[in-house]
Structure formats: structure tokens, C-alpha cells
Amino acid sequence: MNLVVFTDLDGTLLGHDDYSYEAARDGIERIRQQQIPLIFTSSKTRLEIEALQAAMQIREPFIAENGAAIFFPDDYRNFKMDAGFRRPPYTVIQLGATYSEIRRFVYSVKERFNLKGFGDLRVEEIELLTGLSPEQVALARQREFSEPFLLEDKTKIAEIAPIAAARGFEITAGGRFFHLIGMRQDKGRAVRLCAQIFTRNTEGGVVTIGLGDSANDISMLRSVDIPILLPHVDGAYEDVDLFNLIKADHSGSRGWNDAVLNVLRNQDERRITK
């Protein structure tokens, strides 16, 4: 059985407050030993994901900025790619709008709704809001397809959403920010397209696992064979109705680690019984 793991990062593989994956090392190593693709599926930018992959010594495809684009490394497992465009060192499948298009919309509504996008915030403000270092903030600001934003009055989101939709955008909620994204993108669609590429290039097909904790992860969880929902740091879960949903006991890297090891253990037992 060929497994592929899609995982959110902040609050899932990474701790919500410290961005650490220390407690997930056993699960990561198990995945590495079994040569299971670990596909980061995040609101983070390409540069942020590349930095994390380098730190973890991972070279796998990834999905950036809430499903805006799928990046397949060159010569990845000798896969035949019949979609996307070359952008060395990747083949890129773009689903989202461009950042310039999104920023034009932000500019048109920010005064009316007292909205602040990432592009409007000073480095010091982002550091305070996120706990990121100045170097990490620099990577987070290099956006290509989406804009995290804040609202002084969060109830105004119901007014902004239809205006955004009329302009071809939609809004999703993450752990700290709302995210303005292109209408044709979400994590679920990107995961499905990525899984199809794996299926076409893998004898016997694949079984997909997905892990997430926030509202913007729900479409991903609905698109995988084995969905795993992690709680928030306060112990509360997103409202997700899936018959086969697995709920992890803990948030962040500890919950991710336990859930991944349990699923892999169950898959091994099934292979043995067969």
C-alpha cells in the first residue's frame, strides 16, 4: 500500500506558539524510513516551506498559500508531469490568483472595513502577532498568491465575503489570520490534483492521509482517504462532519506525532493480516 501524507503546518506539524516540530521527530523519521511522501500543505509561502524542508532535510512536493500552487521538484521520483509549467527547480501547477491582483482588492476595501493585510503591516507588527523572527517574517512577506489579513471588527467578514466573491476572490480562516485567496483555489482541490499525479505515477495507486486543525484545512480533510483533525491549543476542534474522521488527542507536533504513528501502525497490521 502506497501512502502519501498531506499535512498542514502551523498548529499541526508545528506548534502553534513556538513553531517547533521537536515532538514530531519520531513520526517524521518513521515516514522517512518508509519513504512516504510528506507533502506540506500550508498557508505559508514557497520560501517559508523551502526553509522548513531544508531544516528537516526533506525534498518533496508541497502546496503553498492555501492551495494556490503545487510545486513538484525537478526529477521527482521520475514522475511524468503532464500539467503545470517549468519554473526551475520545479514544475508548478498554479490554481490561485496573483498577489498583485489580490493586493489591488485589499487596497480597494481596507479603509471601508478597517482591514490590514500582510502588505500593510510593519515587520515589528508581524513579529508581535506571529512570534516569528525577523528572518522568518521576511520569508512570510514574500507572498505570490494570497494575502493574510486582520479585521478590527471580525463580524464584518460577512460583509466583505460577497464583495470579494464578486471580484473573483474568497476568504478562508486560518489560525491567526483571515486569508484572501483566488476563487479557484483551496487546499482540497490542490490535494486532489496532487494525489492524482501520484496515482498516475505509482503502481497500485495511493492511499492519502491528511492532517489539519483549522477551518482552511477542512477541504483537505474531505479530499483524503484518512482524515485526521487536531484540536486547537485550547482543546476545541473545528466542526467537521466526516464519517471516517480521526480526532487526535493533542494539538501541534505532539498530536501530529501520535496520530501519524497510530495510523502507520494500523496500516502495518492490515498488511500483516492480509
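The values are calculated or read from the model by the stated rules, or taken from the named source; none is laboratory data. Quantities reported herein were computed from a predicted structural model and do not represent experimental measurements. With ideal geometry, Cβ positions are generated from the backbone for all residues, glycine too; neighbour counts draw on all protein chains shown. For the accessible areas, the whole protein counts, side chains as well, though only heavy atoms, and no ligand, DNA or RNA atoms are used. Shrake-Rupley method; radii C 1.70, N 1.55, O 1.52, S 1.80 Å.
Going through (1) under 23 Å from Ala51 (Cα atoms); (2) open to solvent by 30 Å² or more (accessible area, probe 1.4 Å); (3) touching a residue at least 60 places away in the same chain (Cβ under 8 Å); (4) part of a helix (DSSP H, G or I) one by one, Leu193 falls short only on (1). Among residues of the stretch 162-174 that are part of a loop (DSSP other than H, G, I, E, B), those with a Cβ under 6 angstrom from a residue that is modelled with pLDDT under 95 and open to solvent by less than 50 Å² (accessible area, probe 1.4 Å), sequence gap 6+ or separate chain, pair up as Gly174/Ser43; Gly174/Ser214; Gly174/Asn216. Against the definition (over 29 Å from Pro73 (Cβ atoms), surrounded by 17 or more Cβ atoms within 10 Å (Cβ to Cβ) and not aromatic (Phe, Trp, Tyr)), how does Ile226 come out, yes or no? No; evaluated as a whole, the condition is false for this residue.
If only residues of the stretch 130-154 that are of a type in the set (S, T, N, Q) and either open to solvent by 20 Å² or more (accessible area, probe 1.4 Å) or touching a residue at least 60 places away in the same chain (Cβ under 8 Å) (or both) are counted, the one that is farthest from Ser100 (Cα to Cα) is Ser133.
Working only within the stretch 53-91, note down all residues that are touching an Asp or Glu at 6+ places or on another chain (Cβ under 9 Å), charged (D, E, K, R) and not in a loop (DSSP other than H, G, I, E, B). Correct list: Arg86 only. Evaluate the following for Gly188: is it buried (at least 16 other Cβ atoms within 10 Å of the Cβ) and of a type outside the set (D, E, K, R)? Criteria met by Gly188. For the criterion of being open to solvent by 40 Å² or more (accessible area, probe 1.4 Å), more than 14 Å from Lys44 (Cβ to Cβ) and among the basic types (Lys, Arg), Arg176 fails. Which is under 25 Å from Ala69 (Cα atoms) and charged (D, E, K, R), of Arg143, Arg112, Arg122? Arg143 is the lone residue from the list that is under 25 Å from Ala69 (Cα atoms) and charged (D, E, K, R).
Tallying residues that are of a type outside the set (Lys, Arg) and at positive phi within the stretch 76-116 yields 3. Here Ile157 meets the list (1) free of Cβ contacts under 8 Å to residues at least 40 places away in the same chain; (2) open to solvent by 50 Å² or more (accessible area, probe 1.4 Å) almost entirely, failing just condition (2). If you scan the stretch 229-240, which residues turn out to be open to solvent by 10 Å² or more (accessible area, probe 1.4 Å) and not hydrophobic (A, V, I, L, M, F, W, C)? Of everything in the stretch 229-240, those that are open to solvent by 10 Å² or more (accessible area, probe 1.4 Å) and not hydrophobic (A, V, I, L, M, F, W, C) turn out to be His232, Asp234, Gly235, Tyr237, Glu238, Asp239.
To keep it simple, each residue is scored yes or no on (1) assigned to a strand (DSSP E or B); (2) open to solvent by 30 Å² or more (accessible area, probe 1.4 Å).
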site: Ile93; (1), (2): yes, no
site: Ile102; (1), (2): no, no
site: Phe105; (1), (2): no, no
site: Lys116; (1), (2): yes, yes
site: Leu128; (1), (2): no, yes
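Listed here are the residues, each with its yes/no results for (1) surrounded by fewer than 20 Cβ atoms within 10 Å (Cβ to Cβ); (2) assigned to a strand (DSSP E or B); (3) free of Cβ contacts under 8 Å to residues at least 24 places away in the same chain.
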{"position": "Phe6", "(1), (2), (3)": "no, yes, no"}
{"position": "Thr12", "(1), (2), (3)": "no, no, no"}
{"position": "Tyr19", "(1), (2), (3)": "yes, no, no"}
{"position": "Arg25", "(1), (2), (3)": "yes, no, no"}
{"position": "Ile31", "(1), (2), (3)": "no, no, no"}
{"position": "Ile39", "(1), (2), (3)": "no, yes, no"}
{"position": "Lys44", "(1), (2), (3)": "no, no, no"}
{"position": "Ala51", "(1), (2), (3)": "yes, no, no"}
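Among residues that are open to solvent by 30 Å² or more (accessible area, probe 1.4 Å), out of contact with any Ser or Thr (no Cβ under 6 Å at 6 or more places or on another chain) and not small (Gly, Ala, Ser), Phe85 is included.
Residues that are touching a residue at least 40 places away in the same chain (Cβ under 8 Å) and surrounded by 15 or more Cβ atoms within 10 Å (Cβ to Cβ) within the stretch 54-80 comprise Pro61, Ile63, Ala64, Glu65, Asn66, Gly67, Ala68, Ala69, Ile70, Phe72, Phe79, listed in sequence order.
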